[in-house]
Amino acid sequence: MNKKILITLGILLGVIVVFAYLNLNDREERVLSQEEAKIFINFEDERVATVNFDDMLELAQHEFEVTLRSSSSPNKDNTYKGILMKDLLSKYDINLDDINQVITRAADGYTVALTQSEILDKDNVYIVYKENGEYLAPREDGGSGPYQVVIKQDQFGQRWNKFLMELDVN
Ligand SMILES: Nc1nc2c(c(=O)[nH]1)N[C@H]1C(S)=C(S)[C@@H](COP(=O)(O)O)O[C@H]1N2
Ligand SMILES: [Mo]
């Protein structure tokens, strides 16, 4: 075989291996987030934390009621329990005055961008783990958890990222 073909094949093989590796990594993180309630935090593309449920419990806990509005079904009053997203980011020494946005990414690939001012608000962006007294179940079990983003001041729910897996802070 000539050298050019060998080199081309070598490069292709390399690309396949890299993609397979990235894919595996992704799958593993989806499993960890869904089955072991982990959240991954990235700051400027670097992994800065892998959060466990125990870490969440070290933060101030908040319980509150929100009316979830919908154009297609009746409004629903729900009680949620969880933490403020900004408390979680602060715990890992992320300086919220310096950030532009946080992209929330879920295990099903759904992503929602939050602005700095939404995050900084004292009573708006929460990460919850209980709804009406019950732990949020993972997607496989018909739930919206183990974690879900609740944006209290945006009551239509499209931006309430269910199955929260990852936060990209920029
Ligand atoms: N992870 C994730 N979160 C999501 C969605 C989704 O597809 N995946 N859909 C959004 C939309 S469009 C709505 S209306 C609410 C409720 O979606 P549901 O009615 O499918 O539960 O969740 C929001 N959060
Ligand atoms: Mo929706």
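On a 0 to 90° scale, report how tilted helix 3-36 is relative to the longest principal axis of the chain, with both axes built from alpha carbons and the result rounded to the nearest 10.
Between helix and principal axis, roughly 20 degrees.
Taking the Cα centre of the chain as origin and charging only Cβ (+1 Lys, Arg; -1 Asp, Glu), how large is the dipole, in debye to the nearest 20?
Dipole magnitude for the chain comes out near 720 debye.
Based solely on C-alpha atoms, express the radius of gyration and the Dmax of the chain in angstrom.
In Å, with Rg to one decimal and Dmax whole: 19.1, 70.
Between E46, E63, E36, which gets the highest mean-square fluctuation from a Gaussian network model of the chain, Cα cutoff 10 Å?
E46
In the structure shown, do any of K38/K86; K81/K122; K38/K76 have a Cα-Cα gap over 21 Å, and if so which?
K38/K76
How big is the accessible area of I11 in square angstrom, nearest 10, if you roll a 1.4 angstrom probe over the protein chains?
Answer for I11: close to 110 Å² accessible.
Quick one: accessible surface of T111, probe radius 1.4 Å, all protein chains present, in square angstrom to the nearest 10.
Rounded to the nearest 10, the figure is 70 Å².
In whole percent, how big is the carbon plus sulfur part of the accessible area of the stretch 87-170, probe 1.4 Å, protein atoms only?
Of all accessible area on the stretch 87-170, carbon and sulfur atoms account for 41 percent.
Quick one: what are the phi-derived ³J(HN,Hα) couplings along the stretch 95-112, Karplus 6.51/-1.76/1.60 with θ = phi - 60°, whole Hz, x for glycine and proline?
7, 5, 6, 9, 8, 9, 7, 10, 9, 9, 10, 9, 5, 9, x, 4, 10, 9
Which net charge results for the neighbourhood of R105, defined as the other residues with beta-carbon distances under 11 angstrom from its beta-carbon, given Lys and Arg at +1 and Asp and Glu at -1?
Net of charged neighbours comes to -4.
Ordering L9, L167, L136 from largest to smallest accessible area (1.4 angstrom probe), what's the sequence?
Descending accessible area places them as L9, L136, L167.
At q = 0.16 Å⁻¹, work out log10 I(q)/I(0) for the stretch 22-116 with the Debye formula, treating every Cα as an identical point scatterer and leaving solvent out; two decimals please.
Each listed q corresponds, in turn, to -0.87.
Mind checking the per residue accessible area of the chain for me, 1.4 Å probe, whole number of Å²?
On a per-residue basis, the chain sits at 59 Å².
If you take the charge dipole of the chain about its Cα centre, with +1 on Lys and Arg Cβ and -1 on Asp and Glu Cβ, which of I151, I5, S117 is farthest toward its positive end?
I5
Could you work out how far apart the two model spin labels at A60 and L96 are, taking each label as a point 7 Å from the Cα in the direction of the beta carbon, and quote it in nm?
0.9
Quick one: with all protein chains in place, what share of the accessible area of the stretch 7-59 is carbon or sulfur, to the nearest percent (1.4 Å probe)?
On the stretch 7-59, the fraction of accessible area on carbon and sulfur atoms equals 59 percent.
The values are calculated or read from the model by the stated rules, or taken from the named source; none is laboratory data. In this text, all values refer to a predicted model and were calculated from it rather than measured experimentally. Reconstructed Cβ throughout: ideal geometry from the backbone, glycine too, with neighbour counts over all protein chains shown. Quick note on the areas: whole protein, heavy atoms, side chains included, nothing else; ligands and nucleic acids left out. Shrake-Rupley method; radii C 1.70, N 1.55, O 1.52, S 1.80 Å.
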